[in-house]
Amino acid sequence: INRGAARKTASKDEVRVASLKYLHKVRILEPLEWKNADGSQGYRLPPDSVEWEQENLLKELLKPTKVKVRVYMQRCINLMPKDKNNLCDPYIVIELGPQKKNFRKYYKKATTQPKLYMSTDFAAVQVPGHVDLIVSVYDHDPTMGDDLIGRTTIDLEDRWFSAEYQRMRKDALSGKVKMPLERRHLYDRTSKASQGMLEMWVEMYDHKQDSFPSRPENLREPEDEMVELRVVIWECENVAPQDMRTLTSDLYVKCILQGINEDGNAWQEVKKTDVHSRATDGRGSFNWRIVFRWAANKLHQPRLQFQLYDHDMFKSDDSIGEYLMSLAPMVNKVIGDNYEKNLEVNEPPASQLSSNATKWIQMFHPSDLETPKGDVKVQISLMTEERADRSPVGEGRSEPNNYPKLPQPERQIFSIMNPLDSLKFFIGAERLNQVLVLICGAFLILVAGGMLLVFMNDFIAAFISSMISGDSGSTTTSPAATGK
């Protein structure tokens, strides 16, 4: 509600003086079979309609009720730094109507990711009524005064009068489900940008009807639920040659485990196979095992990305294609339902493989999602840390080499006992044929040149001999002529 001009002619001088909360509802009515006394048509809500049920529920909820409130707080994520060291000393202040609880003495030193794991109860408040729950995070500063980092406000009245919330609350009281964990952004008046997030949830109990638990749930940092992912890269095929001079490729596969960590930041771990040098006919052989181990309950939206590369010695490697798959269904089967309910929020669409499956996957380049760039044969298995420790395996082809046993890949290798194959390994089959043709041509030229030189040498020698013999006959004097 603003004090000042009408909305159509609102000015900058208009001042907000109050807020009005009201409830309105558009209902679908059915005509009555009879007319009203004045002859007009009468209408009513259908007795078996959803609107009828909601109307009765709303009438019940709008009765003044005393409600007890319990607040749980787990941790803060990416708080805005307030100190010179780019950190802060956060603590919590909670307000509910006239009630206020200050946890300044429990402040966390030098962190933007404080772990709280605490709860607090409030005396019963009446709804309908002004029951805004305000949770503020402050930076502890003993000398200059504490600074507000940010706060979040929850209208408990709206929640209490929500039919969906009431159904959820009853299921939680019966033990079927737990109240959902909320990640709430923190804001202050100086900026519209989020100042961090607070992980928390709120429980509300009817003061007369509900059995209020005497003790809150014991909050503590969850233990790591470790899992191990084993990926075997067997081979690849149908890969176009990346070196057009030799019609070969230097192939390797990169595996990237990625997700969102408990601080809300992107996280990844990268591993890769060895290089199949001078792979021909679009085929590469690896027989290489890659092992990842991580805490499944602390990594959201886990995914595994395969990337096929061509290795270059003097420049950056060339990306051939990639493939992305979701690990969430596999992780959920390994560690149970808690993972799916608490961690998998807005899971992005991705391909999926069942655990311990062997499959050919098609690689596509991000710039061309219609043309396959090659196929990679992979085998994936996921298990708990306990099971993995009972059957350990080594990375690559190192020992222990089991489950499955990986043989040496079939590749061309350099050998001085087979020079042609070794030369083919380095320069490619087509270039080798060209070299052999050049060598044969050069050899024939040398042979022809040698034979020509021999012939020319004999010809010249004979010619010189004949010339010498002719000159000697013409200059010699006979004895008879001399005596005369």
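Details
- For segment 85-166, the percent of C-alpha pairs falling in each 10 Å distance bin, counted from 0 to the bin holding the largest distance, reads 16, 42, 27, 13, 2.
- For segment 164-210, applying the loop criterion from DSSP together with a ceiling of 15 other beta carbons within 10 Å to the trypsin sites (Lys or Arg not before Pro) yields Lys176, Lys178, Arg189, Lys192, Lys208.
- Taking Cα centre as origin and charging only the Cβ of basic (Lys, Arg, +1) and acidic (Asp, Glu, -1) residues, the dipole magnitude of segment 139-293 rounds to 560 debye.
- The Cα trace of segment 197-243 gives Rg and Dmax of 26.3, 79 Å, the first to one decimal, the second as a whole number.
- Relative protection proxy for 440-451, 302-313, 107-118, from highest mean packing down: 302-313, 107-118, 440-451 (other beta-carbon atoms within 10 angstrom).
- Loop GluC sites (Glu not before Pro), segment 153-245, which have at most 14 other Cβ atoms in a 10 Å radius of their Cβ (DSSP): Glu217, Glu223
- Taking the charge dipole of segment 135-221 about its Cα centre, with +1 at Lys and Arg Cβ atoms and -1 at Asp and Glu Cβ atoms, the residue from Val177, Met144, Leu156 reaching farthest to the positive side is Val177.
Bear in mind these aren't lab numbers, they're just calculated from the coordinates by the rules spelled out. Just so it is clear, the model here is predicted, and its values are computed rather than measured. All Cβ positions, even for glycine, are placed from backbone atoms using ideal geometry, and neighbour counts span all protein chains on display.
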